[in-house]
1. Looking at (1) out of contact with any Phe, Trp or Tyr (no Cβ under 9 Å at 6 or more places or on another chain); (2) away from ligand 2 (no atom under 16 Å from the Cβ); (3) at pLDDT 95 or above, which is the one condition that is false for ALA15?
2. How many residues does the stretch 57-74 contain that are within 9 Å of ligand 1 (Cβ to nearest atom) and assigned to a helix (DSSP H, G or I)?
3. Report yes if ARG237 is assigned to a strand (DSSP E or B) and among the basic types (Lys, Arg), otherwise no.
4. I want to confirm something. Restricting to the stretch 18-43 and keeping residues that are charged (D, E, K, R) and under 29 Å from GLU248 (Cα atoms), which single residue is farthest from ligand 1 (Cβ to nearest atom)?
5. What residue, among those in the stretch 162-201 that are touching a strand residue (DSSP E or B) at 6+ places or on another chain (Cβ under 8 Å) and within 16 Å of ligand 2 (Cβ to nearest atom), is farthest from ALA128 (Cα to Cα)?
6. Going through VAL218, VAL226 one at a time, which residue ends up being among the hydrophobic types (A, V, I, L, M, F, W, C), crowded, with 23+ Cβ neighbours inside 10 Å and either part of a strand (DSSP E or B) or away from ligand 1 (no atom under 16 Å from the Cβ) (or both)?
7. Do you know which residues across the stretch 44-56 are part of a strand (DSSP E or B), within 12 Å of ligand 1 (Cβ to nearest atom) and surrounded by fewer than 23 Cβ atoms within 10 Å (Cβ to Cβ)?
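The values are calculated or read from the model by the stated rules, or taken from the named source; none is laboratory data. Keep in mind that this is a model prediction, so the values were computed, not measured. Note that each Cβ is placed from the backbone with ideal geometry, even for glycine, and that neighbours are counted across all protein chains shown.
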Amino acid sequence: MFRTGSRRTPDTGPAPEALRLVKVSKTYGTDDSAVTALDDVTLSLGRGTFTAVMGPSGSGKSTLLQCAAGLDRPDSGIVRVDGTELTGGSEAELTRFRRGRVGFVFQQYNLLETLTVAQNTVLPLKLAGRRVDRRRAREVLTQVGLGDRLGHRPDQLSGGQRQRVAIARALVTEPRVIFADEPTGALDTRSARDVLRLLQEAVRVHGRTVVMVTHDPVAASYADSVLFLADGRLAGRLDAPTPDAVAERLAHLGDDMMAGV
Ligand SMILES: Nc1ncnc2c1ncn2[C@@H]1O[C@H](COP(=O)(O)OP(=O)(O)OP(=O)(O)O)[C@@H](O)[C@H]1O
Ligand SMILES: [Mg+2]
């Protein structure tokens, strides 16, 4: 069984955590071909926060998200989502947890082309064995501005609209944490802004927690804070990020690490 946190003291204790990683490491391959994608990462994110994750290509951002979301397992360390430890449970438990409590948005939408917009949206409810009703599909699609597209197929939509369906799909189960891996990477400026505003609204209006990987300092500035990764390690944090401050930090990422060499 998963272990559920006992430190639930909303009135007195520290702010409840949506996500906690303790000494999480992940290596791909073995021996000569081994690549350490995550190296002893410890972090904690409060509920109702919007965090961007940035860093050079190959620095471990996607691996971090996959391990945090329970899509992949770290080699060592602990992952806790909304007070429940993901590491240590069986595969079936992990899948059940993920379907109920976590939403994921990918760069390439990952919609099923043969299903309608409404069917794509409610798929996570179906997979979780929950009641699927068309009203819920309409409600969540209206929230993302696609209330009039329920019967359309993904190939009848623009990239920005597809990504909004993917966001509706991530919101439909009312997950505690939404993970997004470069959700605006394939979008034009305006569609990107729509997507970022929806993620921001999920946090500010609905109290969800969002963790978003991005390469774009403007996208990162929609978040409450930015975590920087370099070579699989945390390499800094920036609160209340502006695009300029983010770009500046990115440009100097790794300086500290090189300083002692
Ligand atoms: N399935 C895999 N098998 C082997 N190596 C992998 C695998 N997935 C990732 N890696 C390696 O782990 C490291 C971290 O990869 P990851 O995809 O997490 O980086 P990233 O920061 O998301 O990069 P990008 O910005 O290019 O998406 C890289 O060196 C990558 O080559
Ligand atoms: Mg990546």
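1. Every condition holds for ALA15 apart from (3).
2. Number of matching residues: 6.
3. Yes, satisfied.
4. The residue in question is ARG20.
5. The qualifying residue farthest from ALA128 (Cα to Cα) is GLU182.
6. None of the others qualify; the one that does is VAL226.
7. The answer is none; no residue qualifies.
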